[in-house]
Amino acid sequence: MGFVTSKVLLSRSYGLSLSDQYWICSKTQNLNWSDINFFDNTFFEDVDNLLFGNFKYTNGFIKKLNLISSDNTADGLVKKK
């Protein structure tokens, strides 16, 4: 995905998880936990599809990915997708 470290992916996906109720959000962002958590809201499949080779390319380029995915923080032993 072109990130230098996994911490960049974690921060861009707010650190959301299906096993914890924590998240990472800048004080300057106008977000509420209730609007973004995986327990009450859907998450996007862009990262999942990329990991499984099912991502759609446009003119040879990856479109802007929605990084809100439970796979970003799932333990290595937990089933993905």
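I'm trying to understand the selection: among the residues of the stretch 36-45, which are of a type in the set (Phe, Trp, Tyr) and either touching a Ser or Thr at 6+ places or on another chain (Cβ under 8 Å) or outside any loop (DSSP other than H, G, I, E, B) (or both)?
Within the stretch 36-45, PHE38, PHE43, PHE44 qualify.
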Q. What number of residues in the stretch 9-35 are in a helix (DSSP H, G or I), over 11 Å from the mean Cα position of the chain (by Cα) and surrounded by 13 or more Cβ atoms within 10 Å (Cβ to Cβ)?
A. 1
Q | Residues of the stretch 59-81 classified as farther than 25 Å from GLN21 by Cβ and at pLDDT 65 or above, total | A | 1
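The values are calculated or read from the model by the stated rules, or taken from the named source; none is laboratory data. Treat the numbers as computed from the prediction; the structure is a model and nothing was measured. When we count neighbours, we look across all protein chains shown, and the Cβ atoms used for this are built from the backbone with ideal geometry, even at glycine.
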